[in-house]
Structures are given as structure tokens and as C-alpha cells.
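Since the structure comes first, as C-alpha cells, the remarks are kept for the end.
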Amino acid sequence: MLTDAQRAFYADNGYLKVEQVVTPQELADLQAVTDDLIEASRQVTESDEVYDLDRGHGPDEPRLTRIKLPHKRHAIFEQVLKRSKVTEVLNDLLGPDTFLNTSKLNTKAPGGGAAVEWHQDWAFYPATNDSLLAFGLMLRDVTPENGPLMVVPGSHKGPVLSHHAGGVFCGAVDPDDPLFHRDKAVTLTGRAGDMTVHHVRILHGSAPNVSDRARQILFYECASADAWPLLGASSYIHSLGQKLFWQDLQDRMITGQPCLEPRLEQVPVRMPLPPAPDNSSIFKTQESGGAKSAFA
Ligand SMILES: O=C(O)CCC(=O)C(=O)O
């Protein structure tokens, strides 16, 4: 699926955009299921295992930051990951054996939908090697106004920056950190059906949605089977215990087989501990952990 030039671009820069990676039918199905899930959130009054609510959410106006674990909510989200051109891109970049770390559908509501402060995913879930990436499949057009993803090219080859504030893991870098070269950031806009890929160590973030259109990006966070979590994100996975973890890992295999021999690489790691008071999502981690905003 990917050309040698695209693979080389990803290796050098730590990100890539792949245009129109899903079929019109797949896109229409993803959009319809997403609309239904958002509609069903109207009666929800507190963030729960499905929805992360944004300020101002209510029955008259659903305002979500996120639908959690969409691959557990509807088969279409799993189908697109396991049996589409997305799968081909995955195998091109991570090899034949891959698993899903987590999925999330960030739905940035119109008129102020929350920013995601600058961070490296690696700071949340370090592993034995850094063959991990995130896909960002655009379910609606992403423009400069509705809070596009921004990345700092090449930062995946740099250090893991501090994501701590006031003694806790706040899930964001200090905007004034001299190691954070924000002036080098590029903005990843695109049409519905386009997909971004970002390396687990690349610095990225996104501004609030100041447009009157939702910004909906479906993120799949994927790993090579030999990249074993050192601690893992603050997700359900770590409360499972060994038996359920193993079973869950089978369910999360995207392609190929699990690997029982982790590949150990010399990678920079800083553990995401102690946790923020509310670490139920990146939004809550950054807010309750006292992250300094780069977008204020
Ligand atoms: O939604 C975004 O713009 C970025 C999402 C992200 O980086 C995350 O959820 O870790």
C-alpha cells in the first residue's frame, strides 16, 4: 500500500498523511455509527466507560471530548482496522504481527471543543521498544479552524520530555520547555477519509475547535507484537489480572500472532507516575494534573 518514499518519510519525520484510505461506504458507515453514538449521549450526565463529556454537555447539545474504545462499541470500527487499507498501512509500518493498544474517537465539539495539550504518547505508555504508532482517521473534514492535529517533525527521535507538573504525571509538556520546538510544528488538515499516522514518540497536540463544525478523528493506537508495555496507559487493561489480560490481548490482536519474546531496545523512558487525581482520559489527566496550556 505505502510506497518506499512514504515509508522513508515516516521514518525520517515520524508522521505521514495517507489520503482516502477508506472506501466511501466504509466512511459513510463510520459516520452513521458515530452520529448514533453521539445522539445516544444526550441523556448521559457524567463521563463513564463510553463517553468523556466536555463542558456544557447536556440533552439539548451533546458535547463530547471523546467516545472511548470505539472498537468495543460497534463492529465497523474493528472491521476498518482489521480488514481495510488501514490494515495494509499498519503492516507496512509495523510488520505482520500487531496489536491494538487502545482506540478512541475524539469528537471535538463545535464552538470551543477542548484542546489536547502537547504531549508524546510514549510518555503515557512506554514499552520495550518504540514500534508503536497512532492512526488518526478523519471522519469529517479537518480544517485549520476545527482543531487539527499538529506534530513536531523529527521529535520522535528526540528525548522523552517531562510530562509532570506539581509532582504528578499531568500528561502534557510545559509549553516553555526549551526542548519543545513548537515553531517547527506542522498542521495536519485533510478531507474526511484521509488518515494521519504519528509515531508514539512524536510531540503532538491540537487547539480548541473554534469553528461551527465538529472535528471527528478516530484514533487507533497500535503496536508491534514484540513491543510489550512497561506499565501501560491508565486503561482497563491493567486492572484485568493475567488471565483476563491474556484473553484481552487475543481480542486486541489486529494481525498475526502475539509475541512472547519482547524486543528490548535502548529507548528513553520516564514512568507516568504518580498519576493525576483523575486519569480517566487524556483530557481529565491534563486538567486535573494541572498541565500548563499552550493554547490559552
Ligand atoms: O484529538 C487530538 O487532536 C489529539 C488526540 C491525542 O493526541 C490523544 O488523545 O492522545
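Being under 29 Å from V210 (Cβ atoms) and in contact with a Leu (Cβ under 9 Å, 6 or more places away or on another chain) narrows it down to one of L90, L133, L94, L100, so name that one. So that I can check it myself, show each step before the final result.
On the way: L90 fails: under 29 Å from V210 (Cβ atoms); L94 fails: under 29 Å from V210 (Cβ atoms); L100 fails: under 29 Å from V210 (Cβ atoms).
Going through L90, L133, L94, L100 in turn, just one is under 29 Å from V210 (Cβ atoms) and in contact with a Leu (Cβ under 9 Å, 6 or more places away or on another chain): L133.
Going through the range 204-216 one residue at a time, which ones are buried (at least 24 other Cβ atoms within 10 Å of the Cβ) and either more than 10 Å from the ligand (Cβ to nearest atom) or within 17 Å of K85 (Cα to Cα) (or both)?
Scanning the range 204-216 gives no hits.
Select, from G113, G136, G147, the only residue that is near the ligand (Cβ under 10 Å from one of its atoms), at pLDDT below 95 and surrounded by 23 or more Cβ atoms within 10 Å (Cβ to Cβ).
On the way: G136 fails: at pLDDT below 95; G147 fails: at pLDDT below 95.
Matching residue, one of G113, G136, G147: G113.
Could you check, for the range 246-253, whether at least one of its residues is within 30 Å of D92 (Cα to Cα), surrounded by 15 or more Cβ atoms within 10 Å (Cβ to Cβ) and more than 21 Å from the chain's Cα centre (by Cα)?
no
For the range 116-133, which residues satisfy the criterion of being away from the ligand (no atom under 12 Å from the Cβ) and among the polar types (S, T, N, Q)?
Within the range 116-133, T128, N129, S131 qualify.
Conditions tested, residue by residue: (1) over 20 Å from A109 (Cβ atoms); (2) modelled with pLDDT under 95; (3) out of contact with any strand residue (DSSP E or B) (no Cβ under 9 Å at 6 or more places or on another chain).
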residue	(1), (2), (3)
I38	no, no, no
Y51	no, no, no
P59	no, no, yes
I67	no, no, no
S84	yes, no, yes
L90	yes, no, no
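What is the residue count in the range 264-287 for residues that are part of a helix (DSSP H, G or I) and free of Cβ contacts under 8 Å to residues at least 24 places away in the same chain?
Step one: list which residues in the range 264-287 are part of a helix (DSSP H, G or I), which gives 282-287.
Within this subset, residues satisfying the condition of being free of Cβ contacts under 8 Å to residues at least 24 places away in the same chain are 287.
Selection size over the range 264-287: 1.
Does K108 fit the bill of being more than 26 Å from K157 (Cβ to Cβ), crowded, with 23+ Cβ neighbours inside 10 Å, of a type outside the set (A, V, I, L, M) and in contact (Cβ under 8 Å) with a residue 12 or more places away in the chain? Step through it out loud before you land on a result.
Details: more than 26 Å from K157 (Cβ to Cβ): yes; crowded, with 23+ Cβ neighbours inside 10 Å: yes; of a type outside the set (A, V, I, L, M): yes; in contact (Cβ under 8 Å) with a residue 12 or more places away in the chain: yes.
Criteria met by K108.
Name the single residue, out of those in the range 188-203 being touching a Gly at 6+ places or on another chain (Cβ under 7 Å), part of a strand (DSSP E or B) and within 13 Å of the ligand (Cβ to nearest atom), that is farthest from L218 (Cα to Cα).
Restricting to residues being touching a Gly at 6+ places or on another chain (Cβ under 7 Å), part of a strand (DSSP E or B) and within 13 Å of the ligand (Cβ to nearest atom), the top hit is H199.
Does L64 satisfy being in contact with a His (Cβ under 8 Å, 6 or more places away or on another chain) and within 21 Å of N209 (Cα to Cα)?
Numbers: in contact with a His (Cβ under 8 Å, 6 or more places away or on another chain): yes; within 21 Å of N209 (Cα to Cα): yes.
So L64 passes the test.
What number goes with the only condition from (1) under 30 Å from A115 (Cα atoms); (2) out of contact with any strand residue (DSSP E or B) (no Cβ under 7 Å at 6 or more places or on another chain); (3) away from the ligand (no atom under 16 Å from the Cβ) that G241 does not pass?
Unmet condition: (1).
Yes or no, residue by residue, for (1) farther than 30 Å from P144 by Cβ; (2) at pLDDT 95 or above; (3) of a type outside the set (G, A, S):
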{"residue": "A223", "(1), (2), (3)": "yes, yes, no"}
{"residue": "A227", "(1), (2), (3)": "yes, yes, no"}
{"residue": "L230", "(1), (2), (3)": "yes, no, yes"}
{"residue": "E265", "(1), (2), (3)": "yes, yes, yes"}
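The values are calculated or read from the model by the stated rules, or taken from the named source; none is laboratory data. These numbers were taken from a predicted model, which means no experiment stands behind them. All Cβ positions, glycine included, derive from the backbone under ideal geometry; neighbour counts span all protein chains shown.
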